[in-house]
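First up is the structure itself, then whatever we jot down about it.
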Amino acid sequence: MKTAADKMKDKIDKTKFINPLFKVVNNVTANPETNIENIKSLLVKQIFSTVRWRESILNISSNGVKNFMTRYGCLEDEIEKTVQGVIDGNIINLGRSKSPTRPVFSPRRNKKQVVE
C-alpha cells in the first residue's frame, strides 16, 4: 500500500488545491479540516489507514448536517442505519452522468433522474 500512497502523493503534489469553502471531514481522523496541507496529507494517509467512515458520518451529523449526498447511491442504507432521524428525502444520489461536469441528481430511490 505504501507504493500506492507514494504515487498518490506525487499526483497530489502536482495538483493545485484552493482553500475549501467548507470543512472537509476525512476518513483518517473523522474530523473536519480546512488546512490545505493537512487535507493533502490526509488524502495520502487514507490509502493505508483504517477507514473511519462511520465516525465521519456521525461527526458530520453531530454538527447539525441532516442532508447527505452519495455517489451512485452506494451508501444510502448505511447512512440511514448510522444517523438517527435521517429519512429517504434527506439523501441525494449523485448518479452517473455522461459529462463529468454535469452530475445526475436524483432523490433517493426515485426512478427518474434529472440532469441539472
Put in order of increasing Cβ neighbours within 10 Å, starting from the fewest, L58, L43 give L58, L43
With a ≥ b ≥ c from the Cα gyration tensor eigenvalues, square-rooted, and the rule rounded for a/c under 1.5, otherwise prolate when a/b > b/c and oblate otherwise, the stretch 1-65 is oblate
Would you grab the residues whose amide H sits under 5 Å from the one on F68? Only those 5+ places off in sequence or on another chain, please, with H modelled 1.01 Å from N.
I91, I92
Cβ-Cβ cut-off under 15 Å around I39, Lys and Arg +1, Asp and Glu -1: the net charge is +3
Separation in nanometres of the label points that stand 7 Å from Cα toward Cβ, at M69 and A4:
2.6 nm
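Bear in mind that the values in this text are calculations on the coordinates, not laboratory data. In this text the structure is predicted, and so the values were computed from the model without any measurement. When we count neighbours, we look across all protein chains shown, and the Cβ atoms used for this are built from the backbone with ideal geometry, even at glycine.
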